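The values are calculated or read from the model by the stated rules, or taken from the named source; none is laboratory data. Because the structure is predicted, anything quoted here is derived from the model rather than measured. Glycine also receives a Cβ, built like all others from the backbone with ideal geometry; neighbour counts cover every protein chain displayed. Side chains included, ligands, DNA and RNA excluded: accessible areas come from the protein's heavy atoms. Shrake-Rupley method; radii C 1.70, N 1.55, O 1.52, S 1.80 Å.
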Amino acid sequence: MFAKGQTVIQYMEQLAPKHVAMEGDKIGLQLGTLQKEIRSVLIALDVNEEVVDEAIALGADLIIAHHAIIFRPLAGLQTDTPMGKVYEKLIKNDIAVYISHTNLDVTEGGMNDWMAEALGIEDTSPLEDIHTDKLYKLVVFVPKDHHQKVLDAILHAGAGWIGNYSHCSFNIEGYGTFLPREGADPYLGEQGKLERAEEIRIETIITESVRSKVIQAMLKNHPYEEVAYDLYPMDLKGRTLGLGRVGRVAEPVTLQAFVERVKKKLEVPSVRVVGDLNRTIKKAAVVGGSGGRYWRHAQFRGADVLVTGDIDYHTAQDALMAGITLIDPGHNAEKIMKPKVAAWLADKLAEHKYETKVHASAIDTEPFKFR
């Protein structure tokens, strides 16, 4: 059985929820439809004609890419232009394109965590806070014989996380009363007769990101025709997600040695470096993509070096004078996401017994040549 397009994207958004993306980011379905079976998915950094040809050869019905194919508003769609040919080929071959960009950057276990892990940066935290989860207290009243079933369902759906603790809940026994009126089909009791039922009150914490999923799981597993539950917004703050990562280097090394690590681990042929190659690197920061503007954030957090792409001349001059070193591996270093996303999504589909295949694009979309 192949997964539907919406199902594939639901799994993808468990990894990189849309609501954590930066404001104005061009994410989500950009071309085609998800109302179809997906035999094969191609994970790509960019979508150019070579990548589309690869998708066609693999029989892919969906491309999940990091960079948008429609970044600026289209004034028209001419199929005799280079990008117009790409759109035409995608449409004619019924290949949908879905974009996961800054939501994949900031999420836990996403782009910036992968880059930090590859470079041996430990005990990381975000360089800049982007999103803080809203917290809610969920209270639901359940008949005793369904208590464990409902509790297991909502905890499995993501309820009950407090810091590094999961499955947190409070449960207390009591009695509920209700009187089924005409037209009711009660699980307990009879129409027109006051019922007094043994129930258990479940209290737990849920975040904004899992609220819908938890409520759906609760309603699906609760036996009552009308489920009595409350949802209270809380002043407490949930987890904070942010752009970039900063942390300590497991073993301090010289900038020269760290440069070689960046080249090897991010699989780039060369880098641009700002600073003294003999400087000792004890703490490092990384920002996937174009993150030159975050050098002050990195310096404020005590980083000795910032690894990021697309650093411009004047930013390099400012950082050099301020005493922080920079390593620019290029924007294409984000290709680290291709095998990571492919493996994550393939595992999720296999877990649910789907036959949909997931491929990491073999096309290198680096536009620059190195000599």
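Of the listed values (i) 68, 55, 38; (ii) 55, 53, 39; (iii) 85, 51, 36, grab the one calculated as Cα extents along the principal axes in Å from the structure here.
(iii)
Mind listing the long-range amide H neighbours of Arg239? Cut-off is under 5 Å, sequence gap 5 or more, other chains count too, H placed in the peptide plane at 1.01 Å from N.
Asp133
Quick one: work out the % antiparallel among DSSP beta bridges in the chain, nearest 5.
On the way: 47 of 67 bridges.
Roughly 70 percent of the beta bridges in the chain run antiparallel, per DSSP.
May I ask you to order 244-250, 22-28 by the average number of other C-beta atoms within 10 Å around their residues, highest value first?
Descending packing order for the listed peptides: 244-250, 22-28.
What ranking, highest mean first, results for peptides 335-345, 285-295 when packing means the other Cβ atoms within 10 Å averaged over each residue? Show your work: numbers first, answer last.
Details: 335-345: 20.3, 285-295: 23.6.
Packing proxy ranking, top to bottom: 285-295, 335-345.
Let's see if you can work this out: charge +1 on each Lys and Arg Cβ, -1 on each Asp and Glu Cβ, no other charges. What is the dipole magnitude of the chain about its Cα centre, in debye to the nearest 20? Before the final figure, lay out the partial values.
Numbers: 43 positive and 52 negative charges, 138 e Å.
Taking the Cα centre of the chain as origin, the dipole is about 660 debye.
Once a ≥ b ≥ c are taken as the square roots of the eigenvalues of the Cα gyration tensor of segment 85-202, is the result rounded (a/c under 1.5), prolate (a/b larger than b/c) or oblate (a/b not larger than b/c)? It would help to have the intermediate numbers written out before the result.
Details: a/c = 4.12, a/b = 1.81, b/c = 2.28.
Oblate shape, in that a/c is at least 1.5 and b/c is the bigger or equal ratio.
With each label point set 7 Å from Cα along the Cα-Cβ vector, what nm distance links Tyr232 and Glu49?
6.2 nm
Of Lys85/Lys338; Lys4/Lys264; Lys18/Lys340; Lys36/Lys137, which sit over 28 Å apart, Cα to Cα?
Details: Lys85/Lys338 24 Å; Lys4/Lys264 38 Å; Lys18/Lys340 18 Å; Lys36/Lys137 37 Å.
Beyond 28 Å between Cα atoms: Lys4/Lys264; Lys36/Lys137.
From the backbone phi of segment 311-321, what are the Karplus-calculated ³J(HN,Hα) couplings (6.51 cos²θ - 1.76 cosθ + 1.60, θ = phi - 60°) in whole Hz, Gly and Pro given as x?
6, 8, 4, 6, 4, 4, 5, 5, 5, 4, 5
Students often forget the sequence filter, so: which aspartates and glutamates lie under 16 Å Cα-Cα from Lys213 once same-chain residues fewer than 8 apart are removed?
Here the aspartates and glutamates satisfying the reach criterion relative to Lys213 are Glu13, Asp133, Asp152, Asp230.
On C-alpha positions alone, give me the angle between the axis of helix 49-58 and the longest principal axis of the chain, in degrees, nearest 10.
Orientation of helix 49-58: about 50 degrees from the principal axis.
For segment 55-191, what % of the accessible area comes from carbon and sulfur atoms, probe 1.4 Å? Let's see the in-between values first.
Details: 3680 of 7170 Å².
Carbon with sulfur: 51 percent of the solvent-accessible area.
Would you mind putting 73-80, 267-274 in packing order, based on average other-beta-carbon counts within 10 Å, highest first? Numbers along the way, then the final one.
Working: 73-80: 8.8, 267-274: 15.8.
Descending packing order for the listed peptides: 267-274, 73-80.
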